[in-house]
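Below is one structure, written out as structure tokens; comments come after it.
What follows is calculated from the coordinates using simple rules that are stated; it is not laboratory data. For clarity, every value in this text was computed on a predicted model and none was experimentally measured. Quick reminder, even Gly has a Cβ in these numbers, built from the backbone with ideal geometry, and neighbours come from all protein chains shown.
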Amino acid sequence: MILSADEKRIALEFELFTEINSRIAGKSKELQITAQALGELDVIANLAEIAVNNKYVRPQVNDSCGILIRDGRHPVVEYSIPGGFIPNDTHMDCQDNQFLLLTGPNMQGNPHT
């Protein structure tokens, strides 16, 4: 009798498991859409939190051929330089400031190899 009850319990668990799987499979499209939306929301919320915590600002974009950045920072480099990153300005235009030379951390005069 005990063996029979145990077998019935196992059979019922399998039946319920199979039924739940079937119901979930029937809603797979809806679940995928929801998962996609939640993933996008998660990325946006994390980027917003990082922007607020690091005081990032949204650039003002226009149709001119120039670019002006005041106290520019790099989100990756800023945290990888021991001693801190020094924000800097960038100014480019179509007349006098058309060329910009970018250098790396080894160009500071530090004896890095």
note = So, first residue surrounded by fewer than 10 Cβ atoms within 10 Å (Cβ to Cβ) in the range 88-102, second residue part of a strand (DSSP E or B), Cβ within less than 8 Å, six or more apart or across chains; the pairs are 89/68; 89/69; 89/70; 89/71; 89/72; 100/90; 100/92
remark   = Among helices (runs of 4 or more DSSP H) entirely within the chain, at least 1 residues that are under 25 Å from the mean Cα position of the chain (by Cα) occur in 28-53, 77-80
ask   = So how many residues does the range 1-21 have that are small (Gly, Ala, Ser) and surrounded by 10 or more Cβ atoms within 10 Å (Cβ to Cβ)?
value = 1
